[in-house]
Structure formats: C-alpha cells, structure tokens
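Here's the structure we're looking at; comments come further down.
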Amino acid sequence: MNLEPGDGPILLTAEDLGKLRLVLSTYQDGTGMLAASDGKTLPGWRDFERAVAAVFTGESQESKYVFDIFPLMLPDPHALHWHFPTANRLCGNDNEGTIFEWYGESGGQLKYYPLAHTATWTSNIFQLEQLPSEDEIQYGILARTQKYFPRQWAEACKSYL
C-alpha cells in the first residue's frame with residue numbers, strides 16, 4: 001500500500017485487496033450484517049468498515065461514512081426534478097436517476113447517491129472466498145456461541161432436551 005503523503009489517493013496493491021477480500025469472506029459465517037438465503041451472512045457497511053480498519057491498521061469510526069472516495073461536487077439543485085414518491089420521502093432526480101433522497105420521518109435522513117464514475121478510487125469486482133463446507137465447519141451465531149461457551153451453552157439448552 002502506498003501511504004506516501006500527497007494529494008493523490010492511497011494506492012492499494014493486489015496483495016492489499018486480496019487480504020481485504022479474505023477478511024470480508026469471513027463474514028459469511030453468521031457474523032455478517034446481511035442475511036443470505038442459504039443461511040449464511042454477508043458483510044454489511046459496518047463489517048466493511050471494520051475489515052478495512054483491521055487490514056490496513058486503521059481505526060473503525062463506526063459510522064456510515066465508510067466511503068470517502070467521492071469528491072463532494074453536488075449538482076445544481078435547480079437542475080434536478082424534485083418529487084414526493086411517498087408522503088415522507090422527497091427525491092431529487094437527474095437524467096441518470098435518483099441523486100438525493102430525504103426521509104422526513106427518520107430524523108430527516110438525507111441520502112446522496114453520487115455516480116460511480118465520479119469516484120476517485122475504485123477496485124475491480126471480486127468474489128468472496130467460499131467458506132469450507134458445513135460438513136467441516138458449522139456456521140451461524142448459534143454454532144459460534146456453542147463453540148465459544150460450550151459449558152454455558154449446554155447448561156442453557158438443558159430445558160430443551
């Protein structure tokens with residue numbers, strides 16, 4: 001990884017991305033934020049933030065501003081088509097689609113969707129590594145709990161036997 005000070009983006013090596021891919025792959029074991037249809041899980045935004053911090057010896061901020069790779073060049077609000085798809089949701093669209101969403105009853109949450117081609121850094125699409133089969137390893141939070149606390153888990157499960 002290039003950590004030289006300067007005005008440009010930090011350049012990640014293939015090895016850096018390989019490490020990140022492997023760490024993200026571990027979240028399929030039941031610890032990821034997003035439930036998958038096969039009983040496994042996938043990493044969510046917080047998992048991604050924590051993985052980046054762990055791999056690149058950083059500090060996770062535990063917030064939703066994970067991606068700081070877009071220059072903040074907001075479009076002219078007068079050039080957008082503003083409409084209310086629902087009573088509590090205001091959208092601002094351009095020719096490409098929705099750029100802004102505002103949710104009036106969720107703390108006034110404002111979402112901004114910059115176009116991907118404006119990103120200052122991107123990586124190629126990659127696949128998570130497949131976990132070993134369930135014949136080799138049990139997945140999920142119950143299996144993990146049983147592994148970490150075998151005596152306490154057995155005691156807690158006695159009433160169900």
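Identify, please: which residue in the range 51-93 is modelled with pLDDT of 80 or more and closer than 21 Å to T122 by Cβ and is, among those, surrounded by the most Cβ atoms within 10 Å (Cβ to Cβ)?
A51
Does C157 satisfy the criteria of being surrounded by 10 or more Cβ atoms within 10 Å (Cβ to Cβ), over 24 Å from F48 (Cα atoms) and touching a His at 6+ places or on another chain (Cβ under 7 Å)?
No, not satisfied.
Within the range 26-35, take every residue that is surrounded by fewer than 18 Cβ atoms within 10 Å (Cβ to Cβ) and either closer than 18 Å to I125 by Cβ or among the β-branched types (V, I, T) (or both) and give me the one that is modelled with the highest pLDDT.
Looking at the filtered set, the residue picked out is L34.
One line per residue, one yes/no per condition, for (1) within 23 Å of M33 (Cβ to Cβ); (2) free of Cβ contacts under 8 Å to residues at least 24 places away in the same chain; (3) assigned to a helix (DSSP H, G or I):
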site: N93; (1), (2), (3): no, yes, no
site: E105; (1), (2), (3): no, yes, no
site: H117; (1), (2), (3): no, yes, yes
site: D135; (1), (2), (3): no, yes, no
site: Q138; (1), (2), (3): yes, yes, no
site: R151; (1), (2), (3): no, yes, yes
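When you scan the range 19-42, how many residues do you find that are part of a loop (DSSP other than H, G, I, E, B), without any contact (Cβ under 8 Å) to a residue 24 or more places away in the chain and farther than 15 Å from Q130 by Cβ?
The qualifying residues number 2.
Please enumerate the residues belonging to the range 114-133 that are surrounded by 13 or more Cβ atoms within 10 Å (Cβ to Cβ) and at pLDDT below 80.
Listed by number, the residues that qualify are A119, W121.
Would you check which residues across the range 94-110 are within 20 Å of L72 (Cα to Cα) and surrounded by 13 or more Cβ atoms within 10 Å (Cβ to Cβ) and list them?
Residues satisfying the conditions are D94, T98, I99, F100, E101, W102.
Exactly one condition in (1) in contact with a strand residue (DSSP E or B) (Cβ under 6 Å, 6 or more places away or on another chain); (2) aliphatic (A, V, I, L, M); (3) at pLDDT below 90 is not met by I99; state its number.
Going through (1) in contact with a strand residue (DSSP E or B) (Cβ under 6 Å, 6 or more places away or on another chain); (2) aliphatic (A, V, I, L, M); (3) at pLDDT below 90 one by one, I99 breaks only (3).
The values are calculated or read from the model by the stated rules, or taken from the named source; none is laboratory data. Just so it is clear, the structure is predicted and the values come from calculations on it, not from any experiment. Every residue, glycine among them, receives a Cβ derived from its backbone with ideal geometry; neighbour counts consider all protein chains shown.
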